[in-house]
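The values are calculated or read from the model by the stated rules, or taken from the named source; none is laboratory data. For clarity, every value in this text was computed on a predicted model and none was experimentally measured. Because the Cβ atoms are built from the backbone with ideal geometry, glycine has one as well, and the counts that use them run over all protein chains shown. Accessible surface is based on the protein model in full, side chains and every heavy atom, while ligands, DNA and RNA are left aside. Shrake-Rupley method; radii C 1.70, N 1.55, O 1.52, S 1.80 Å.
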Amino acid sequence: MVSGELMPRAVVIGASAGAIDALKQIIPQLPHDLSIPVIIVVHLAARKESLLPQIFRPLTPIGIREPNDKEPVGAGIWFAPPDYHLLVEKDHTFSLSLDTPVKFSRPSIDVLFSAAAEAYGDGLLAVLLTGANDDGADGLRDVRQRAGRVIVQDPATAEASEMPKAGLRVATPIFTGSTSMIGAFLATLLQRAASDSRETS
Amino acid sequence: MSSQDEIEIPHLLEAIYQEYHQDFRHYSMASLTRRVALARDQMGCQTTADLERLVSGNVDAFTRLFQFLTVQVSDMFRDPSFFRAFRQEIVPILSTYPSLKLWVAGCSTGEELYSYAIILREEGLLDRSILYATDISPEALRKAQAGVYSIDRVAAFSENHRLSGAKCSLSEYYTASHGLAVFDRSLRKNVVFSDHSLATDSVFAEMQVISCRNVLIYFDRTLQYHAVALMRDSLCRRGFLGLGTRESLAFTKSSSAFKEFSPAERWYQKW
Ligand SMILES: C[S@@+](CC[C@H](N)C(=O)[O-])C[C@H]1O[C@@H](n2cnc3c(N)ncnc32)[C@H](O)[C@@H]1O
């Protein structure tokens, strides 16, 4: 099997400026019987309320939640809660932290990506989308170092190109394209993951 | 974490525990690893083993490292709906007690403590209350004891105070001078500040309320279990435990001693 086709054990996604529109192209395409976690960090202007699950729930039947601390990382879609960093421990539980913002962001994409790289190794697929800063680039470096795979949005198609550009400078992606193409790519890959895991379980 | 760190970080934590009796061995590894890496960079060390050598027998270096390992972030009336639930649902029950003990565990620089003191004052209970404010960070405790915050933060504090169901303006409780808000010393008349670790110290006393917010997130599940058991044993029957908005007893084994009191706000009651 080509390495790009191996099924991941977890997907992490990071997006900043333009995130909502970008994710609207991706989330509805995810297989409805998603069998792995898809963990997402979105930068939003300082906010206390959880808006993201409400925005995306109507677009997919997949369960969408914001995790509590030490909650097991199960299959489904997870958003980092507002104003906390979201991390994954080696035992595949979530951890939250109030540590100082990284690159002015909390939640930070780097923090999630690096921790997930540790926890899932080559089973991780990290997706970096539109954004106006370079959060996520350090994280992608860690993902590559742990033999995880990377997808970066084609900067030419991004509402803000700085973040995917910074990502491409540090990591060679297995796929790059517009958000709808990334959605289609994930749909195929994770569909297979869903059926494979049914066979093995 | 490099494979080197996988060995060296536990080694460092063990050495710290042996020499300085601060127990970080059961902290959440994912975030602790980041903080160790930051300390390493800022303290000019190449490896975690170098860092361990630096702090060994060097209290000043350890004090610096300690500041990286603990996270001092707090706000007054953080998550106003949590404090509104305290005011509206718990205070009426507390007012039936002749005297009250409330413990803010992991009080950091004091914002949470003053939030309770202000609510108890507004609800007429402060004079018959004793508040315990504890933390492992001596520096944070000093700031908590001083009760002085940058005036820039006060607008957010005031808004949170209002949203928590305040009876008057927050400005009743502080005086502004030279860019600082100095909180009224009468608020801490009945406050006992002390150094206490949820990891290594013992049960505190018969509390009616324990508030431990955004501290358990730094612990692994083993230490969470220990800390929750310690707090359970420090509470009187029907006493209340308040956690941070993203913390839950659902993932610790000691949850059976508690029932949910105000689940959305993470208030529990000892059963
Ligand atoms: C993020 S702050 C939370 C402050 C405050 N409770 C709030 O929610 O606004 C975490 C605090 O936990 C303290 N802490 C860490 N480990 C501790 C332990 N073992 N025992 C008591 N406090 C601890 C830290 O020093 C820090 O002040």
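Buried by at least 50 Å² relative to the chain on its own: which residues of segment B:190-223 qualify, computing accessible area with a 1.4 Å probe on protein heavy atoms?
Residues of segment B:190-223 that lose at least 50 Å² of accessible area once the other chains are added: B:ILE217, B:ARG221.
Quick check: at a probe of 1.4 Å, how many percent of the accessible area of the protein assembly as shown sits on carbon and sulfur atoms?
51 percent
Which distance in nm do the two modelled labels at A:SER178 and B:GLU14 give, with both placed 7 Å along the Cα-to-Cβ direction?
A separation of 5.7 nm, rounded to one decimal place.
Please identify, among A:LEU140, A:LEU98, A:LEU125, the residue showing maximal mean-square fluctuation in a Gaussian network model of chain A using a 10 angstrom Cα cutoff.
Among A:LEU140, A:LEU98, A:LEU125, the largest mean-square fluctuation in the Gaussian network model of chain A belongs to A:LEU98.
Tell me whether segment B:111-168 comes out rounded, prolate or oblate; compute the Cα gyration tensor, take square roots of the eigenvalues as a ≥ b ≥ c, and use a/c under 1.5 as the rounded threshold.
Oblate is the answer for segment B:111-168, as a/c is 1.5 or above yet b/c matches or exceeds a/b.
How high is the relative contact order of segment A:23-82, in percent, with contacts defined as C-alpha pairs under 8 Å that are six or more residues apart?
Once normalised by length, the contact order is 46 percent.
What residues of segment B:27-41 lose no less than 50 Å² of accessible area with every protein chain in place versus their chain by itself (probe 1.4 Å, heavy atoms only)?
B:ALA30, B:ARG34
Quick check on the protein assembly as shown: take the gyration tensor over C-alpha atoms, sort the square-rooted eigenvalues as a ≥ b ≥ c, and tell me if it's rounded (a/c under 1.5), prolate or oblate.
prolate
Report D for segment A:37-105 in µm² per second (integer): Stokes-Einstein, Kirkwood Rh on Cα pairs, 20 °C, 1.002 mPa s.
169 µm²/s
Under a 1.4 Å probe, what is the accessible area of segment A:1-101 per residue, stated in Å²?
37 Å²
Treat each spin label as a single point 7 Å out from the Cα along the C-beta direction, and report the B:SER255 to B:ALA205 distance in nm.
Placing both labels 7 Å along Cα→Cβ, they lie 3.2 nm apart.
List the residues whose amide H sits under 5 Å from the amide H of B:PHE219, counting only those 5 or more places along or on another chain, with H placed 1.01 Å from N in the peptide plane.
Amide H to amide H, under 5 Å and 5 or more residues apart or across chains, B:PHE219 pairs with B:SER28.
In whole Å, what three semi-axes, largest first, describe the equivalent ellipsoid of segment B:153-232 built from its Cα gyration tensor (square root of 5 times each eigenvalue)?
32, 16, 13
Pop out a list of residues from segment A:89-109 that are at least 40 Å² less accessible with all the protein chains around than in their chain alone; 1.4 Å probe, no ligands or nucleic acids counted.
The answer is A:GLU89, A:LYS90, A:LEU96, A:LEU98, A:ASP99 - residues whose exposure falls by at least 40 Å² when every protein chain is included.
Once you have a ≥ b ≥ c as the square roots of the Cα gyration tensor eigenvalues for segment A:120-196, tell me rounded if a/c is under 1.5, and otherwise prolate or oblate according to whether a/b is larger than b/c.
oblate
Whole-Hz ³J(HN,Hα) for each residue in segment B:83-91, computed from phi via Karplus 6.51 cos²θ - 1.76 cosθ + 1.60 with θ = phi - 60°, x for glycine and proline: what do you get?
6, 5, 4, 4, 5, 8, 9, 9, 3
Between B:ALA229 and B:HIS178, what is the FRET efficiency for a Förster distance of 41 Å, r being their Cβ-Cβ separation, to the nearest 0.05?
Working from the Cβ atoms, E equals 0.35.
For segment A:176-188, take each phi angle, set θ = phi - 60°, evaluate the Karplus expression 6.51 cos²θ - 1.76 cosθ + 1.60, and give the result in whole Hz per residue in order, putting x for glycine and proline.
Those phi angles translate into 9, x, 6, 5, 5, 5, 4, x, 5, 4, 5, 4, 5 Hz.
If you roll a 1.4 Å probe over the heavy atoms of the protein chains, what accessible area per residue do you get for chain B, in Å²?
42 Å²
What is the calculated FRET efficiency for B:ASN58 to B:CYS168, with r their C-beta to C-beta distance and R₀ = 45 Å, to the nearest 0.05?
That gives a FRET efficiency of 0.35.
Let's test the formula: R0 of 30 Å, r as the Cβ-Cβ distance of B:GLN67 and B:ARG128. What FRET efficiency results, to the nearest 0.05?
0.25
To the nearest 100 Å², how much accessible surface do chains B and A hide from each other in total, with a 1.4 Å probe?
Heavy-atom accessible area buried at this interface is about 2100 Å².
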